[in-house]
Amino acid sequence: MDQKQMIETMIKALDSKRAEDIKLLCIKDITVVADYFVIADGSSTTQTKALADEVEFRLKQNGIEPQRVEGYQTANWIAMDYGTVIVHVFYKETRDYYNLERLWNDAEQVDISELIVKE
């Protein structure tokens, strides 16, 4: 599975569990941390755990394991490190507080509308 397929799988997994405001930021030209951030939020800590679980489950089906997962216990901000892609799953109020999109405003926001199912 290449990076593009991995990102598509992540976004579709988040969307399938009704994640809110899914964003894909390309950060490869401004940092060595990763190439992309996938950012999404849930309306409860239970949902944030379910979102993270779904991403991990779908990628595991393709033999891809996260290098590290942080924040799962509190579920306010779960960061899943897949090497070149880091998934940030937030509880809504925590996302508003940290506002990664503002902190990384130099990053290119990638259009993912074709990956999101319209209701």
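Sorted fewest first by neighbouring Cβ atoms within 10 angstrom, PHE57, PHE90 come out as PHE57, PHE90. Inter-label distance, SER44 to ASP21: 2.0 nm, where each label sits 7 Å from its Cα along the C-beta direction.
Per residue, the Cα convex hull of the stretch 3-109 amounts to 88 Å³. Considering only TYR97, TYR72, TYR36, the mean-square fluctuation computed in a Gaussian network model of the chain, springs between alpha carbons under 10 angstrom, is largest for TYR97. Within the shell defined by Cβ-Cβ distances under 14 Å, the residues around ASP106 carry a net charge of -1, with Lys and Arg each +1 and Asp and Glu each -1. Between LEU59, LEU14, LEU51, the residue with the greatest mean-square fluctuation in the GNM of the chain (Cα pairs under 10 Å linked by springs) is LEU59.
Considering only GLY63, GLY83, GLY42, the Gaussian network model of the chain with Cα springs below 10 Å gives its largest mean-square fluctuation to GLY63.
In the chain, helices alone account for a calculated mean residue ellipticity at 222 nm of -10500 deg cm²/dmol, with every DSSP H run of four or more residues adding -39,500 (n - 2.57). The residues neighbouring LEU24, those whose beta-carbon lies less than 13 Å from its own, together hold a net charge of -4 under the Lys/Arg +1, Asp/Glu -1 convention.
Coordinate-derived values only; no laboratory data. Source: prediction; values computed, not measured. So basically every Cβ, Gly included, is an ideal-geometry build from the backbone, and we count neighbours across all protein chains shown.
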